[in-house]
Every structure is written in structure tokens, then in C-alpha cells.
Amino acid sequence: MSEGNFVQIAPLMREPGVMEIKTPEKLKPSTNGAQICGIDVGSTTVKYVLSSASGEVISQAYERHNTKQAEKVLQFLARLEAQHGLEPKRDRVFFTGSGAGLIAPLTGAKVIQEVVAVAASVERLHPGVRFVSEIGGEDMKTIFFNGNEKTKSKQVLMQSACSGGTGTFIEKTARKLQIPPEQLSEMHYTGHTLHKISSKCGIFAEADANTLLKAGVTVDEIIASLFEAVVYQNLATLTRGNTPSPEVLLLGGPNLFFKGLQEAWRLHLKRIWKERKVPMPGGGDPESFITVPSDALYYAALGCVEIAMGEQPHVGVYQGVKQLHWWIEEGQYEEKKKQGRGGLCDSEDNLRTFIDVYSKMDATAPGNAAANAAEVSVAPKKLDRVLVGCDFGSTTAKAVCLSPEKELLFSCYALSKGNPIEDARSLFRQLREVIGDGEILGLGITGYGKDLLKGILGADCGVVETIAHASAGLHYFPDADCICDVGGVDVKIMILKNGAVSDFRLNSQCSSGNGAFLQGVAERFGIPLSEIADGAFRAQAMPQLSMGCGVFLQSDIVNQQRKGWQAEEILAALCSILPLNVWIYAGGMNNLAQVGKKYILQGGTHKNLAVVKTQVDFIRSKVPDAEVVVHPYSGEAGAIGAALVSLDWWAKGGKSEFRGFDTIEKLTYTTTTSKETICNWCPVTCQRSFIDVELPGGKGRDWSKVPIGVGWERVIVNNSCPKGLVEDVNEMRVIKAGIEKTKNAFPNIADMVRQEGFRRVSASISA
Amino acid sequence: MQTWFGKKASGGSPPPSPRKDRSGLRVGIPKVLNVWSTSQFWVGFLRDLGIESENIVFSSDTSEEQGREFGKGRGTVDCCYPVKSISGHYGELIFGQKKKINIILSPMIYSLPSFMRGHVSETLACTRVMAGPENIKAGFMKESDVFADNGIKYASPFLSMAEPEVVPKQMYDCLKDIFGVDLAECEHAVEAGYRELRAFNKKMRDASREIMAWCARENKPCVLVLGRPYHMDPGIGHEIESDLQAHGYPIVWLQYLPIDDDLMNWIFGEEIKAKKIRSALDISDVWTSSNSSNTNEILWGAKVAARFPWITCVLRLSSYECGMDQPTYTPTQKIVEAAGTLFFKFGDLDSTKPAGSIRIRIETIVHYLAKYSDQIIQKKLVLLPPDCPLLAGKEKTLAAVASNEK
């Protein structure tokens, strides 16, 4: 097959279209030899190659299938029959790709594993190739060829469980950045400053890209960094100690269409070759050993043809499109019913009983207040002696009052304005309404910025989130073994032993399993948050979604929609896999039985009863006699816990340092947002603000770039990570000096081993 | 207490002569795995062979940067990060030195000179750890011999360090051509190595004893770390214990707990008398298949933590997918918690320091330490004889312990 047989293929994401090849006279299909058709059904496109019996290519094309794989294959086959005389019972068809298994049997075709297919065509077309990288829409593969001729062996590495390093990874972020496809394919890698983008998860990469964009990094630099992340992920996870040696072949849509990705590969490969002194065959220019063939898309389909020629003539004989037609019209819907599972509840009665029991657990739900100890939003009378707990969250700030007998007397909240001083003022104005000149015995605060606010409010206890939640959970359910908190953006699992948090899981590596994902899908369907549960409960059946990566879950959902599943059914399916994502995929807890028997569910996502139902079912499937409860004050648990900790402190004789309502109301502060307040700990360079508060006894910051005198304290806001709470290297020095002093006073044997154990080391290590 | 190595003659005799001049040889040792608990053996051994102190080069602490810069793509299919990280150490010794080294010495340690030898069935190293050097070497030999390409000889002696009598021969077999040594030289150098190691271990144990004595005198808590020796590597254990130290808690590690007779008698004497155990280092009451050296020591450390009043909290460190640690999770936790001692596990440690989650966890632990330490000390003191030997010694401040060791 010569180069001349191919036309230049337009980038994938422009108008998809068929690239017909002018069939040379001599290749006209002959009636005495069967034609061979190789079809590659991938995650985003379908490609076919039609060849004569002897392997000459007659026609090839690709199109996006938009998750309608079967329909696209049918369209292709019909066209091949009409235009190229593809004939049932005579010609042969071979399928490959992730969608092949389902479609092939419907047409009489044989399935070839995709890596085998790619390897077959590579071996024939490029006998000198030692390394192949094929990046697809949702997977990535590498093939290493070792040895020569008879001893030639290949090592195949593939990953398809996670979006990191795949085409989707790039496209998803590009879409978010509103880069049109034709522009994306022309964007460059070389010559741009690179930034750190998570190469592991597409959803986090998107978040990283967003942060970079907000910080003013140009779109070109972000895309270049994405290309870097993809190549890094491929090299880091799929080479496993092998050096990709020349000659290298880059295949698949992303490698073909994204110029920048090719540039990134070239840079990295040439660097590795130089570092490892890999000799170039014949001493040529390294550049010439990296090839992206213009038909890079078709290698799997071509491989099918290649393999077909070696098969017996009766294998893969084409049976026409009748069956496939039936499948599209009827079969897939029947299958939908068969594959899908029943609704979230097996019977109306059971559902009613469940809702009856669990809707009463949430004390803050409308109509439930009477069933519980206190009506908490409005205190009946002025409060006398109380303990106050505040929880400064990223979206809301909450406060509660407890009596010394641990009774919840009052709760209030303020939507966060991004300025903790104003948030605190808003809370304390509401508290003053009910406390008046009553006495605050102790003040505990938790959440974001607790350490900074502690001094300003005169709080007695700064309580870490885990302790706050555990204290609140254990107060209502003293025998609990585990607290599962599913919030909007994070998942926290706390395992309790002897009344203490003995272990906990905080999901920060992967976006799978959090509430925001569920909400996002519902929003796309136009279903408000409050109605997700009702909708999900109405579904009589639901599709089976796969646990794991949120990026793939999104395409899985589209796929299920095409099969005819409705919004409510899909939401039910999402609710039903949420526990799997929470406990197993994100939490990494395979043995729930070891955790214990009593589980508390809290956090905003558990206000959704459909999620509670699936959580209860999941936990009971692992621990049949488990008791699962929903925290009565799910949203206020943090504040209640902070108040309880301050109560302990007061009971031991603590005297509150609370500065008083007047002082908080009259706090004088200035806000500085300038070049000097930009955070320089990482390339994101958040534009922070410094809020300086006048406060008797304030230590001041004379070393700062924005100095404040004695009698002032600083609160830092608008940072996107905890590191930003430290002003700069100057403050780090002050903090480190303090830590060093403590460390010198309290020795650590490991420090001594690290210093003494390797003595006699010369100081000449250059690293 | 009579220990197995105590029977050997100590004090150095002059090295056998004539000796080859090795003053120009530079030897690099990857600072990984069980080198962490045998480092001073290597220093003593090499110096006795005539290698100059400044020519003994340990690679730096493990770090992600080291792996990225020197080890990228040379890794192997191994989920054990302490093993995987060796590729970065090798790379650093090959490419990261201003002054080139001549030999990389990366021992495959089969068994360890544990202080528990004689009280347990065996003191073997994890097989994966033992074979780690060979595993990683492959990544540097696959296409071409990277060591030879850079003028470096690679030496990886297979060592039964628990049996000092066979070590000289094992050294000789591996090193005779590389260092040009004879058996007598090896015997002498091995002896010197063990001597250095014993001296170092004693010094660390004494320091731990001082810390524990301070705790006893002041009635203040300390924290015990239960981990493998290489968790002291800041890139493997992520210095998690340092964050507790920064809150004002002294830290001891099980590897260097004092094993003096008086203290052991105070802690375990009653149980020995009651014939529950044969000696203070006997762990057959909690762990019957006592073959793995580090595992044995971890189990013993858990027993000490459960009994010693002023250890009120245990930090358990474990690397991702560690098959050796897996069966010990529940037993160690149960042992430690038996008398109310706090137990916190940092499992699945890998290349990245999970800084955010560590911070929250440390704050959580500090809260419980402050809340429960007094109760725990009182509860455990009641279970022991009244006369704690740590209260008899002369007083030393903690700062003095720390500065003395520097």
C-alpha cells in the first residue's frame, strides 16, 4: 500500500465526513474474490476499511457515532453495499474496538482484539517500529516490539479504567475553555510555559485548568500543559521500565489530530533517547524516527483486514444487516429491560415504610420539629447561660447554642460573603438577639479559618473538623462505629473506636462519588436538587452504571440515554452507585464489616432520601445487621460538635475569653487586595486579600510586605488551598523558627537516626 | 540482658596486612530499605577495607523529584513504593554526583541482625525487599548496562546478616573481584561493621531511654512509632511523626526502644514469672509465626506500647499494599488498645505526601492526646509494679538529650 492511496484526512472534530478514495481501475472489486471489510468500533468514532481479497484498500472512512455505535455501523454497511457492492454470504467482515463484541455477532462478523489488530498492521506496514503509542477516546495503549524476525515478540500495555492520559481528557478541558475543535488541533506545545495539571483525573484536570485560567494563565499555556500531562501519564504508567526506542509510531485520533500532542511526544522521546544514549538506526536524525501516519486512525481496521487474509475463507462471512436492523429497532430496548435492574425499592409498601422511618430522622425537615426535642430556628425566650459553637464553611457559616445540659436551644446561619469577619458579625448579631445579656460560657469554632478567627472572636476552642463531627455524632448516637459525611465536593468517612476517631478517609484524589456530580447531572436534566429523590423513587427500572471515574460515568450516562433510559431512571441509577463510589472507589474500604454495626449518615447529600435508601441498602448488603441512621442536624453537626467541645472545656473549669458582642460588632478592619497579597507558593498565584483587624493584644506583623503594627491581627482570605494561609517566606520563617524551637525541646529518635545513622557521608552530593 | 551478639569479642584488632590501597575508590550506597537499620554496619565495613570516609556516599532521602529526575521510566511493576523508589536512588548515584562513584553497593539482605534474635523463630527480611535491588537493577540493564556505560561496577552481596559467621564468606564471594579483597580482610571488615552497628544501636537506645525517663519524671506522654526502618526516610514515611513532635510530644521508634534488664523486668517481669512468656523479647503470646524480623519487632513494640505508661499514643505507619503489614494491622491495634493506649494508623503511604489529610489527622490526634493522656498514664501505671527504674537514674533534660545527639 503506497502513500499515494490516501487522501489527507481532515481533523476529527471538524465536520465529520466520509473520505472516499478514488478506486484505481485495477482494484475494482472482482466477483471471484471476496472483499474484506475491517470495522473499528471505538468509544467515539467508527472507522472502516474495505479491501479486495488480496488486501488492496478500496475505501475507508470514519465518523463520530455520538454513542450510537450500532446505528453508525448500519449506516456504513448499507453504504458499502450500495456503493462498493459489499455482498452478504460472499464478502467477509471483521470487527475490532470496544463496541465490537456486541455488534459483530449480529452481522456474522468475527471479533479481533484491538491491540492484536493494531499490532498486525504495524508489523506489516512498519517492520522497523519498536514502540507504538495509540491514544484513543477513552483508553491508551502502548506496544513494545522486541527482537527481530523470528524472535520478534511484543509487549502490550493498556489502560482503560481512568480518563487520565486519553483523548477525552484533552477534549473535556478544551470544551470547558471554549476552544473550538479546529483551533485545538492547531495549538502548539513547544514554546509555552508549562503549568502543573493533574494528569491523573480528567475532572481534576478540568478544575486545575479553571484555576489556572482564573489566575490569568493564557489558554495556550493551559493546553500545552494538558499535552504535557497526557504524554507524562502515558510514559509514567505505560512504559514500565521499557525505553520506547526508535522507530516510534504514534496512532489514534488524538495523536493524529493534535499537533501539540505530537510536539510533546517528540520533545519527550528525543529527551529520553538523549539521556539514555539510545542509538538511532543508521545514525539518522531522531526526528525522522517518530512517525504519525496520515491514516493513523485506521490501523486497527487495517489490522482486521490483515488478520482476515490469514483466516479460513468461511470465517467472518457477512450475513447482511437484517439482524443489526432488528437490534436497533427492537433488540436493544428488550435488552435494556433485561440488563437493567428494578427500581430503588421493591414495593410501594416498603418505600412508604422507609420514607416514614427516615424522613423523621432529619430534625430540620419541615414538619419534623415537633417530633424532636426543640424548635431550633426561633428560641422561645431569651437564653440565659449557653455554650456557642460556630462552623465557618466555604458556602455557609452556622452557629448553635447549647445549654450546659447539652440541649440544642438555637441555631442560625449566614451565607458566606467570603469575608469571615462579616460572616462572624452576621452570626453574632443573630446570637445577640436570643442571648442578649445572657452569659456565653464557652465558644468553640470549627471549619475554614478557625485558627485565624480564634483570636479575633476570643474563641476558647478551635476544633478540627473531624473532632467536631465525631463529637456531634457521638452525642446523639454514643454507640456509633462510623460516620459517613458526603458533602458537595468531598467525602469523609470517620471510623470511631472507644469514642475517638481512630481512622478516617478523606477523598481528595478523585471526584467520583461526591454530591456535586449527582447535582450536576440533575441540573442538566432540568431537575431541581430538591426533586431528585422523588424522581429517583418513581423510576420502576434503571440502567446499570459502572462504578468509578466520573468522566467515564458521564459518557456512560449519555450512552444509557441513547438506549432509551429516562432522566429519572438515570438519576435512580446514579443514586444507586453513589455508595459504591463513596465506600469502595473513593474511600477504598472493601471490608465494611470490620468497621462496625452502627453508621451515621450526614452531610448535605444525605438530605436526599434516595441516596439514603441506597446507602442503607448498600451497608446492609455488607453488614446485614447494620443500623444506619441519619444525623438529625446533618447540616449543623459541625457547629454542635464545636459547642460540645467547648462545653467539655468549660466543665473542666475553663473561663471564656469571648470578646463580647459589642467588640465583635465594632471590630475595625481594613482589607488589602494588591500585588503584595498575591500568593506565591505555587504557579497558580491566587489573588488573596488580607483583612487586618484592630485587636487589643494583637501581635502585629512587622516582617510582612504589608506590615501591621502591634495591636493588629491579620486574616487571609481568597486563598484556594491551606498553604495560602501562610503569607510568604517571611511568615514561613517565623513559623518554622517556632516549630524548630519546639522540636529541639522534644526530640524525635528518627531525627537522630537521620543525622547520625549516615554520618561519614561526604557532603559532595550535588543533588 | 544477654544478647546474641554480646557474646562476640569486641574491640578492633589491626586489619590484616598487606592491604590494597583503596583510598581512591568511591562507593555509593542507595539509602533504601534495610540499609536504614544497617547503615553503620556499611560505614564500619567499608572504612575497615580502607575506603576513605568522604568516599562513602549514601544517596539522599527519597523524594518524588529524585524519582522524576533520575528514575523516570526505569521503574518496575511493583506496588511497593519503598522498592520502586530505589530506581531514583540508583539514578542519583549514577548521574547525580559531582565526583563520579566507582562502585554501587546495594546489598540483598536476606536476614537481619535483630535484637530479638534467639527469642523468635527467624529474623528474615521481606522477600520483596530482599530482592528489591535485583528487581530495580533490571530496569538499568534492560537495553544496555547503564552501570557499565557510566564506568560503575554494581555489587549486590546476598547477606544473612542474622548469622555473622557466614557474612564474611558471602561478602568475599561477591566482592572479591570488585574490591580485590581476600577472605581474611572480609572477616575483619565484617567484624568492624557489626561493632559500629552495635555502638550506634546502643547510642540510639540510650537516647530513647533518656526520653522515656524524662516522661516518667515529668509524668508527660510520648508517642511511639510502629513502622519499618525505612519509614524514617522522609520520602517514605513523610515525616508524619514530626508534625506531632511540633506539638510538643517527644517521639520514640520501636527499633530503638531501650532493652535494658531493669526496664524490661519492670514491664514484663510479672508475665515472665507467671510463665506467660519466656523472656521480655518473647512474642509467642501474640504472634506465633515469628519469621519476619521487622514484623516481629513491630509486634514487640506494640506490646511495649500497651504496657509502658507514658507511651499514650502509637502511630502506625504502613506503605501502600504492604503484604507483610497486612496481617499485623488487627493484632497490633488490638494489642496497643488493650489498656486504652491511643492507636492511629497512617496506611497506604505512597510517593505523594497527603498533606491536607495528614494535617487534619494530626490535629485530631493532638486533641485526643491532650484529652486522654493523663487517664491513660494512670490506668497503665496501676497495672505495673510501683518501682519504675526510670525514676532512679540521674536527671537529664530533654533538650540535653536532643542536643547531645546532634
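Readers should treat all values here as calculations from the given coordinates under stated rules, not as data from a laboratory. Source: prediction; values computed, not measured. Backbone-built Cβ (ideal geometry, glycine too); neighbour counts: all protein chains shown.
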Residues A:Thr614, A:Thr193 in order from fewest to most other beta-carbon atoms within 10 Å are A:Thr193, A:Thr614
In square nanometres, what is one fourth of the surface area of the convex hull spanned by the alpha carbons of chain B?
19.9
Mind pulling the angle between the C-alpha long axis of helix B:86-95 and the longest principal axis of chain B? Nearest 10 degrees, somewhere in 0 to 90.
40
Within a 10 angstrom radius of the beta carbon, how do B:Lys276, A:Lys743 rank from fewest other beta carbons to most?
B:Lys276, A:Lys743
Any idea how far apart A:Asp617 and A:Glu334 come out in nm if each label point goes 7 Å out from Cα toward Cβ?
2.7
Based only on other Cβ atoms within 10 Å, what is the fewest-to-most ordering of A:Glu676, A:Glu221?
A:Glu676, A:Glu221
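Can you tally the net charge around A:Lys666? Count Lys and Arg as +1, Asp and Glu as -1, for every other residue whose Cβ sits under 14 Å from the Cβ of A:Lys666. Please report the intermediate quantities before stating the final value.
Values: positive: A:Arg425, A:Arg429, A:Arg432, A:Arg659; negative: A:Glu422, A:Asp662, A:Glu665, A:Glu694.
Charge balance in the 14 Å sphere: 0.
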Virtual spin-label span in nm between B:Leu391 and A:Ile355, 7 Å along Cα→Cβ:
6.7
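Run the numbers on segment B:204-405 and let me know its relative contact order in percent, using alpha-carbon pairs under 8 Å that are six or more apart. Working shown, then result.
On the way: 270 pairs, mean separation 59.0, N = 202.
The normalised contact order for segment B:204-405 reaches 29 percent.
Given 0.36 nm per residue, what is the gain on full extension from A:Arg90 to A:Gln430 after removing their alpha carbon distance, in nm?
Working: separation 340, 0.36 × 340 = 122.40 nm, distance 8.32 nm.
Length difference between fully extended and current span is 114.1 nm.
Taking R0 as 25 Å, what FRET efficiency do you get between A:Asp662 and A:Val710 from their Cβ-Cβ distance, rounded to the nearest 0.05?
Values: r = 22 Å, r/R0 = 0.90.
Efficiency, from the Cβ-Cβ distance: 0.65.
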Quick calc: nm separation of the 7 Å Cα→Cβ label points for B:Asp348 and A:Phe525 -> 2.9
Candidate aspartates and glutamates - alpha carbon under 16 Å from B:Lys142, same-chain residues fewer than 8 apart omitted:
A:Glu275, B:Glu134
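When the convex hull of the Cα atoms of segment A:124-299 is projected onto a plane and the area is averaged over all directions, what value comes out in nm²? The partial results should precede the final answer.
Values: hull surface 41.0 nm².
Average of the hull's projected areas for segment A:124-299 equals 10.3 nm².
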What aspartates and glutamates could a cross-link reach from A:Lys655, if we take a straight Cα to Cα line under 15 Å and drop same-chain neighbours fewer than 8 places away?
A:Glu439, A:Asp460
What number results when the radius of gyration of the protein assembly as shown, computed over Cα atoms, is divided by 2.2 N^0.38 Å?
1.05
How many angstrom lie between the C-alpha centres of segment A:96-119 and segment A:429-478?
62
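Counting only other residues whose beta carbon sits under 10 Å from that of B:Ser114, what net charge do I get with K and R as +1, D and E as -1? Write out the running numbers ahead of the final one.
Values: positive: B:Arg117; negative: B:Glu122, B:Glu297.
Once positives and negatives cancel, what remains is -1.
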Based on C-alpha coordinates, I'd like the Rg and Dmax of segment A:668-745, in Å.
13.2, 39
Could you give the angle, 0 to 90 degrees to the nearest 10, between helix B:132-141's Cα long axis and the longest principal axis of the Cα atoms of chain B?
30
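In percent, how large is the relative contact order of chain B, given Cα pairs closer than 8 Å and 6 or more residues apart?
Details: 667 pairs, mean separation 72.7, N = 406.
Reported as a whole number, the value is 18 percent.
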Any aspartates and glutamates whose Cα falls less than 18 Å from that of A:Lys613, other than same-chain ones fewer than 8 residues away, would be A:Asp346, A:Glu348, A:Asp349, A:Asp356, A:Asp362, A:Asp485, A:Glu531, A:Asp534, A:Glu568, A:Glu569, A:Asp625, A:Glu627
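Please compare each pair in B:Lys220/B:Lys334; A:Lys89/A:Lys322; A:Lys497/A:Lys598; B:Lys31/B:Lys100; A:Lys652/B:Lys371; A:Lys450/A:Lys743 to a cut-off of 19 Å on the Cα-Cα distance and tell me which ones are over it.
On the way: B:Lys220/B:Lys334 24 Å; A:Lys89/A:Lys322 13 Å; A:Lys497/A:Lys598 12 Å; B:Lys31/B:Lys100 17 Å; A:Lys652/B:Lys371 11 Å; A:Lys450/A:Lys743 24 Å.
From the list (B:Lys220/B:Lys334; A:Lys89/A:Lys322; A:Lys497/A:Lys598; B:Lys31/B:Lys100; A:Lys652/B:Lys371; A:Lys450/A:Lys743), the Cα-Cα distance tops 19 Å for B:Lys220/B:Lys334; A:Lys450/A:Lys743.
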